[in-house]
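The values are calculated or read from the model by the stated rules, or taken from the named source; none is laboratory data. The structure displayed is predicted, hence computed values, not measured ones. Cβ atoms come from the backbone with ideal geometry, glycine included; neighbour counts cover every protein chain shown.
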Amino acid sequence: MRHRTGNRKLSRATDQRLALLRSIVQSLFIYGKVKVTLTRAKEARKMAEKLITVTKANDLFARRKVESVLADRKIVSLIFKTFPERFEGRSGGYTRITKIGNRLGDAAPMALLELL
């Protein structure tokens, strides 16, 4: 059984949490890497990996599914042009999380989330 495999709440309401994760994933797809806290990186990784897996189908349903998560059509078209060829041989593990130490202000553990 898969006990205790829920998502991290990140001290936010559901709508705020989803908006935060969507913006992190959107920045990841635009810039290729994002510097965020470790817990946010782990949650954003789940969303990003699922979206990349969907884009590999490269059909209308996949496009609509990605557009429902990422609101910007320019980013969606960019993803569908580059990601299917880029991750063709991989069946998962499209992102990497690298720990980069603690933040100076509040000593939160920081991480670099990047596409492979």
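Computed quantities for the displayed model
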{"quantity": "Residues located in segment 84-116, provided they are surrounded by 13 or more Cβ atoms within 10 Å (Cβ to Cβ), assigned to a loop (DSSP other than H, G, I, E, B) and in contact with a Lys or Arg (Cβ under 8 Å, 6 or more places away or on another chain)", "calculated": "87"}
{"quantity": "Neighbours by Cβ (under 9 Å, 6+ apart or cross-chain): first from segment 76-88, within 11 Å of residue 58 (Cα to Cα) and touching a residue at least 24 places away in the same chain (Cβ under 8 Å); second part of a loop (DSSP other than H, G, I, E, B) and of a type in the set (Ser, Thr, Tyr)", "calculated": "83/94"}
{"quantity": "Condition broken by residue 27, with the remaining ones in (1) surrounded by 15 or more Cβ atoms within 10 Å (Cβ to Cβ); (2) over 12 Å from residue 115 (Cβ atoms); (3) in contact with a strand residue (DSSP E or B) (Cβ under 9 Å, 6 or more places away or on another chain) satisfied", "calculated": "(2)"}
{"quantity": "Residue 69 being closer than 23 Å to residue 5 by Cβ and at pLDDT 95 or above", "calculated": "no"}
{"quantity": "Every pair of residues 6+ apart whose Cβ atoms lie under 7 Å, when the first sits in segment 52-70 and is touching a residue at least 12 places away in the same chain (Cβ under 8 Å) and under 15 Å from residue 81 (Cα atoms) while the second is aromatic (Phe, Trp, Tyr) and assigned to a helix (DSSP H, G or I)", "calculated": "52/83; 55/80; 55/83; 58/80; 63/80"}
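Results for (1) exposed (fewer than 14 other Cβ atoms within 10 Å of the Cβ); (2) out of contact with any Cys (no Cβ under 8 Å at 6 or more places or on another chain); (3) more than 20 Å from residue 92 (Cα to Cα); (4) of a type in the set (D, E, K, R), shown as yes or no for each residue.
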{"position": "11", "(1), (2), (3), (4)": "yes, yes, yes, no"}
{"position": "16", "(1), (2), (3), (4)": "yes, yes, yes, no"}
{"position": "41", "(1), (2), (3), (4)": "no, yes, no, no"}
{"position": "46", "(1), (2), (3), (4)": "no, yes, no, yes"}
{"position": "54", "(1), (2), (3), (4)": "no, yes, no, no"}
